[in-house]
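The values are calculated or read from the model by the stated rules, or taken from the named source; none is laboratory data. None of these values were measured; they are calculated from a predicted model. Glycine gets a Cβ as well: all are built from the backbone with ideal geometry, and neighbour counts include every protein chain shown. SASA here: full protein model, heavy atoms, side chains in, ligands and nucleic acids out. Shrake-Rupley method; radii C 1.70, N 1.55, O 1.52, S 1.80 Å.
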Amino acid sequence: MKTLTERTELIMMKYAIHYSTRMKDVILFSLVISVILFQVATVTQYSYPVFFYMQMVVNVVVVAALAIEGYARLVKREVEIQGDSKTIMINGVEIQADQIREIKVSGCHKATFHISLKDKNLNPMYCCFKFDNKKCEGIRSLTRWAERNQVSVRKVGPQTRAGMVLSSSNS
């Protein structure tokens, strides 16, 4: 007789995700550059046309970054994991376990998962995502699925947060 955990693994589990865009860093960097340009123009007390055009470029970068971040947040995406299957569905795209080189995990508070594919040097954007659920159920299901299908899960960066489950043996 199967335990409750084994029975729930046989059911296809869907987890909400969002893509990791790093646009907050781009926006912050652009704002710092904008402030520096403004300060240089103020200190020199002369209006150089090059500063105006540089400021316009910075403004275009900020607007583009805000548009990308807004799109990434508004569109709903999900990962479908079925415990007894050798496939995983990310936003409707099916990935076989034998196509995956490894799964890299980075970050402390909301971990980012990057699925490295064997046949691609540059992986598509849908292969890098974060789970929306704060209870780590998606993380547990993904690591159990990876263990069953002999896909390595490797931590990248500082993983110091206590209680972050990256292996099903901890649950």
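The residue of the range 98-134 that is farthest from A72 (Cα to Cα), among those that are assigned to a helix (DSSP H, G or I) and of a type outside the set (D, E), is Q99. Entry remark, the range 117-170: residues being modelled with pLDDT under 65 and among the hydroxyl-bearing types (S, T, Y) number 4 in total. Residues in the range 83-114 that are over 19 Å from the mean Cα position of the chain (by Cα) and at positive phi: none. In the range 65-80, the qualifying residues are those that are closer than 11 Å to I17 by Cβ and basic (K, R), and the one that is least open to solvent (accessible area, probe 1.4 Å) is R77. For I95, the criteria (1) outside any helix (DSSP H, G or I); (2) modelled with pLDDT of 85 or more; (3) loosely packed, with under 14 Cβ neighbours inside 10 Å hold in every case but one, which is (3). Sub-7 Å Cβ pairs linking a first residue in the range 30-47 that is free of Cβ contacts under 8 Å to residues at least 60 places away in the same chain and within 16 Å of V63 (Cβ to Cβ) to a second residue that is in a helix (DSSP H, G or I) and among the polar types (S, T, N, Q), at least 6 apart or interchain, are S34/Q55, ordered by first then second residue. Counting the residues of the range 55-83 that are touching a helix residue (DSSP H, G or I) at 6+ places or on another chain (Cβ under 6 Å) and more than 20 Å from C136 (Cα to Cα) gives 7. Could you list, in sequence order, all residues of the range 81-90 that are in a loop (DSSP other than H, G, I, E, B) and open to solvent by less than 70 Å² (accessible area, probe 1.4 Å)? Of everything in the range 81-90, those that are in a loop (DSSP other than H, G, I, E, B) and open to solvent by less than 70 Å² (accessible area, probe 1.4 Å) turn out to be Q82, G83, S85.
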